[in-house]
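Visitor: Got a structure here, written out as structure tokens. Questions coming.
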Amino acid sequence: MTDKETQIEVLNDQFRLFPGTRYMGSKNKIIQDIGEILLEYEFDSFYDAFAGSNVVGYLFKTLGKKVITNDFMALSHTVSKAIIENSHQIISQEDLDFLLNTPSNQNFISKKFKGLYFEDNDNKFLDQVRDNIDKLGSEHKKALALSALTRSCMKKRPRGIFTFVGHRYDDGRQDMKLSLKEHFRINIKLFNNAVFDNIKECQSLNGLTESLNVEADLVYLDPPYFTPNSDNDYVRRYHFVEGLVKNWEGIDLQEHTKTKKFKSYSSPFSKRNETYEAFEKLIERFRSSIIAISYSSNCKPDKEELVAMLYKHKTNVLVHEIDHLYSFGNQNHKIGNNANRVKEYLFIGF
Ligand SMILES: C[S@@+](CC[C@H](N)C(=O)[O-])C[C@H]1O[C@@H](n2cnc3c(N)ncnc32)[C@H](O)[C@@H]1O
């Protein structure tokens, strides 16, 4: 055991209050390793540049760092705004009564998504609460309520995703039986409990990582993993909850699709020819920071290529290998299949 490990409990009591999801690519299962490895370095500010579920950013908030997160999904940004950027606001009983009991005549979800993901009563509830959330005074309260609402929807969906309609893969879990209203009450409590102050000014951003100027002592890059045969399209999976956060404003619904999804956001990390250049540019941009990159052994660029990219700007490069059984979006790759036993790498350039 190193001195650091005896001094700091990585997965502390506050961290255990993080409301996790089955978000694709979440580092939930290897968060202890990531925490232990990164705590070996000296840093005050931590930039989680592809925040996703926000589990990594939240861990470092609980460890006293000034955390900045970014993700181009509004879904991710909202969760970070609710429990990383926000240190004090919670949804009071009065706020909850307002959300649940104020009538609304909105019916967009009831009409547009009728029979697709949820029953009519759940859709009606979503219409009402979504409308009322906009009337909450504070941005952070809105973010908390939206986070609770999106997590409720993901919990009630088989596999937590919106790539198919109806209830295929319904495994009869209790989560499927609760109404969205019941889920929402539970999730409001969970999110309220996750709010705390670490005395640092943390910040949640919602842009393209390649276009933002952010400075931090340690920059953590966990972009979508590129492989030719797996699906790393976040909008396709989570379009319903992403649309819910944005209230489908500024979104071009693809009416002809069964799922009523909308056009995916463009990311260089979903295209083979752009991924390399995007990594090169990010590493160069953050050359004055400690750079940590999560990536996996079956992806492109491969280990040697990423190490070479880091050596262009850094004197020291270390690669940690974390054994991890990984489940891909692609249906042809089932858990238990050897092709799935990949190594999760954590590259550090310093
Ligand atoms: C592998 S996931 C991150 C997982 C996260 N570390 C966690 O533990 O949950 C990659 C994230 O990058 C986001 N993303 C993809 N391309 C992006 C871009 N160009 N700019 C900002 N975010 C992007 C996706 O929305 C997704 O949430």
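The values are calculated or read from the model by the stated rules, or taken from the named source; none is laboratory data. Only a predicted model underlies this, so the values are computations on that prediction, with no experimental measurement involved. Quick reminder, even Gly has a Cβ in these numbers, built from the backbone with ideal geometry, and neighbours come from all protein chains shown. Only protein heavy atoms, including side chains, enter the accessible area calculation; ligands, DNA and RNA are left aside. Shrake-Rupley method; radii C 1.70, N 1.55, O 1.52, S 1.80 Å.
Visitor: For a quick check: with amide H placed at 1.01 Å from N, whose amide H comes under 5 Å from HIS320's, ignoring anything fewer than 5 positions away on the same chain?
Guide: Those lying under 5 Å, H to H, from HIS320 are LEU346, PHE347, ILE348.
Visitor: Hey, rough spin-label estimate for SER179 and SER264, points 7 angstrom out along Cα→Cβ, what's it come to in nanometres?
Guide: For the pair SER179/SER264, the computed spacing is 3.7 nm.
Visitor: How far is it, in nm, from the label point at ASN121 to the one at GLU139 when both lie 7 Å from their Cα along the line to the Cβ?
Guide: With each label placed 7 Å out from Cα toward Cβ, I get 3.8 nm.
Visitor: Using 1/(1 + (r/R0)^6) with R0 = 41 angstrom and r between the beta carbons of GLN32 and ASP171, what's the FRET efficiency to the nearest 0.05?
Guide: The pair GLN32/ASP171 has a calculated efficiency of 0.90.
Visitor: For region 77-124, what does the convex hull of the Cα positions come to per residue, in cubic angstrom?
Guide: Details: hull volume 5.4 nm³, N = 48.
Hull volume over Cα atoms, normalised by residue count, gives 112 Å³.
Visitor: Quick check: Cα centre of region 140-155 to Cα centre of region 207-254, how many Å?
Guide: Measuring centre to centre over Cα atoms gives 18 Å.
Visitor: Mean Kyte-Doolittle of at least 0.5 and a Cα length of 18 Å or more along the axis: which whole DSSP H helices of the chain meet both? Intermediate values should be presented prior to the final figure.
Guide: On the way: long enough: 120-133 (20 Å, -1.51); 139-156 (26 Å, -0.44); 180-194 (20 Å, -0.37); 272-285 (20 Å, -1.39).
Length and hydropathy pass: none found.
Visitor: Mind listing which chymotrypsin sites (Phe, Trp or Tyr not before Pro) in region 157-213 are in a DSSP loop and have 12 or fewer other Cβ atoms within 10 Å?
Guide: On the way: sites: PHE162, PHE164, TYR169, PHE184, PHE191, PHE196; in loops: PHE162, PHE164, TYR169, PHE196.
Passing sites in region 157-213 are TYR169.
Visitor: Restricting to DSSP loop positions (anything but H, G, I, E, B) with no more than 11 other Cβ atoms inside 10 Å of their own Cβ, which trypsin sites (Lys or Arg not before Pro) remain in region 119-227?
Guide: LYS135, ARG168, ARG173
Visitor: Run the numbers for PHE196 and ASP252: contour at 0.36 nm per residue of separation, minus the present Cα-Cα distance, in nm. Intermediate results must be reported in sequence, preceding the final value.
Guide: Details: separation 56, 0.36 × 56 = 20.16 nm, distance 3.67 nm.
Separation in residues times 0.36 nm, less the Cα-Cα distance, equals 16.5 nm.
Visitor: Would you mind checking LYS66/LYS263; LYS189/LYS258; LYS258/LYS281; LYS246/LYS314; LYS81/LYS181; LYS200/LYS314 for any pair whose Cα atoms are more than 31 angstrom apart?
Guide: On the way: LYS66/LYS263 34 Å; LYS189/LYS258 34 Å; LYS258/LYS281 38 Å; LYS246/LYS314 40 Å; LYS81/LYS181 23 Å; LYS200/LYS314 28 Å.
Checking Cα-Cα distances, LYS66/LYS263; LYS189/LYS258; LYS258/LYS281; LYS246/LYS314 exceed 31 Å.
Visitor: Relative to the compact-globule scaling 2.2 N^0.38 Å, provide the ratio for the alpha-carbon radius of gyration of region 3-349. Can you show the working numbers first?
Guide: Numbers: Rg = 20.2 Å, N = 347, 2.2 N^0.38 = 20.3 Å.
Compactness ratio reported: 0.99.
Visitor: In nm, what is the difference between 0.36 nm times the number of residues separating TYR41 and GLU280 and their Cα-Cα distance?
Guide: Values: separation 239, 0.36 × 239 = 86.04 nm, distance 2.29 nm.
Contour length minus the Cα-Cα distance gives 83.7 nm.
Visitor: Something else: Would you list which aspartates and glutamates come within 18 Å of LYS29, measuring only between C-alpha atoms, while excluding same-chain residues fewer than 8 positions from it?
Guide: GLU9, ASP13, ASP48, ASP222, GLU321, ASP323, GLU344
Visitor: Using a probe radius of 1.4 Å on heavy atoms only, what accessible surface per residue do you get for the chain? Whole Å² is fine. Each step should come with its number before you reach the end.
Guide: Working: 15980 Å² over 350 residues.
Using a 1.4 Å probe on heavy atoms only, each residue of the chain averages 46 Å².
Visitor: Roughly speaking, what is the stretch gain from LYS271 to PHE164, that is 0.36 nm per residue apart minus the C-alpha to C-alpha distance, in nm to one decimal? Spell out each step's value before the answer.
Guide: Details: separation 107, 0.36 × 107 = 38.52 nm, distance 2.38 nm.
So the extension gain works out to 36.1 nm.
Visitor: Right, next: May I ask you to order 101-109, 40-48 by the average number of other C-beta atoms within 10 Å around their residues, highest value first?
Guide: Details: 101-109: 13.3, 40-48: 19.0.
Descending packing order for the listed peptides: 40-48, 101-109.
Visitor: At 1.4 Å probe size, with the rest of the protein present, what percent of the exposed accessible area of the chain is carbon and sulfur atoms? The partial results should precede the final answer.
Guide: Working: 7480 of 15980 Å².
Carbon plus sulfur share of accessible area: 47 percent.
Visitor: What FRET efficiency would be calculated for the residue pair GLU304, GLN93, taking the C-beta separation as r and a Förster radius of 56 Å, to the nearest 0.05?
Guide: Values: r = 57 Å, r/R0 = 1.01.
FRET efficiency, GLU304 to GLN93: 0.50.
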